Amino acid sequence: MRHAWLVAVLLLLSGCGTVLNITQDGDDSNLMLRGYDPVAYFTDGKPVPGNPAIKAQDNGVTYRFASEDHRKIFSANPAKYTPQYGGFCSNGMPYAIKAGGTPLAWKIVDGRLFIFGDAKARDYWELDQARNIQLGDQYWAEEARDAPWRLQSYKRWIFKVPHYKTGAELETELQAKRGKS
């Protein structure tokens, strides 16, 4: 009976949410990176708010830019500047969880933009960055990319991946790495 209830809830939730971490602001209903300029991470080395008047569409998503030059750079090669995992927290993806991401916590690795829920999530992810990228890429491609975020997240909060680590376990590892007990 418990499993039947769970299946019913998951089916109801499957229609909820989006497959990308997007927001709405003014006329932009599918705004990526909460309006921050994706090119600025690469050229300025920091998040820079985009101008609502300077924007471009890519795969049904709106990106804003700080300058017309950045818009042109993006338009020439959008795949280079779009955030990994649909803009969801990169620390969640090794666990196949679509958690929220903020454009203020980020990292570029091998020319790829990774977004995190906060600085602590980035710290945890960096504990085993190469493995987390490999697992994140795998789960994104195999199950998370096209799944509504609520359904995907609830599924993996209930049915955890074999290598799942709690926040407390990650914090213990982080403190040990930093030489604290």
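The values are calculated or read from the model by the stated rules, or taken from the named source; none is laboratory data. Predicted, not measured: the structure shown is a model, and the values here were computed from it. Every residue, glycine among them, receives a Cβ derived from its backbone with ideal geometry; neighbour counts consider all protein chains shown. Ligands, DNA and RNA are stripped out before the accessible areas are found, and what is left, the full protein with its side chains, is counted by its heavy atoms. Shrake-Rupley method; radii C 1.70, N 1.55, O 1.52, S 1.80 Å.
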Which helices (runs of 4 or more DSSP H) sit wholly inside region 94-181 and have at least 2 residues that are closer than 19 Å to residue 45 by Cβ and within 18 Å of the chain's Cα centre (by Cα)? 119-126
Please find, within region 71-93, the residue that is surrounded by the fewest Cβ atoms within 10 Å (Cβ to Cβ) out of those that are hydrophobic (A, V, I, L, M, F, W, C) and part of a loop (DSSP other than H, G, I, E, B). 89
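At pLDDT below 95 and closer than 29 Å to residue 160 by Cβ: does that describe residue 113?
Answer is no for this residue.
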Does residue 122 qualify as being open to solvent by 40 Å² or more (accessible area, probe 1.4 Å) and in contact with a strand residue (DSSP E or B) (Cβ under 9 Å, 6 or more places away or on another chain)? yes
Looking at residue 147 and the list (1) open to solvent by 60 Å² or more (accessible area, probe 1.4 Å); (2) small (Gly, Ala, Ser); (3) modelled with pLDDT under 95, which single condition is not satisfied? (1)
From the set of residues in region 150-180 that are out of contact with any helix residue (DSSP H, G or I) (no Cβ under 7 Å at 6 or more places or on another chain) and of a type in the set (Ser, Thr, Tyr), which is most open to solvent (accessible area, probe 1.4 Å)? 172
Among the residues of region 23-70, what is the count of those that are assigned to a strand (DSSP E or B), aliphatic (A, V, I, L, M) and open to solvent by less than 10 Å² (accessible area, probe 1.4 Å)? 3
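Among the residues of region 52-88, which ones are more than 18 Å from residue 35 (Cβ to Cβ) and either of a type outside the set (Ser, Thr, Tyr) or in contact with a Leu (Cβ under 6 Å, 6 or more places away or on another chain) (or both)?
Residues satisfying the conditions are 72, 76, 77, 79, 80, 84.
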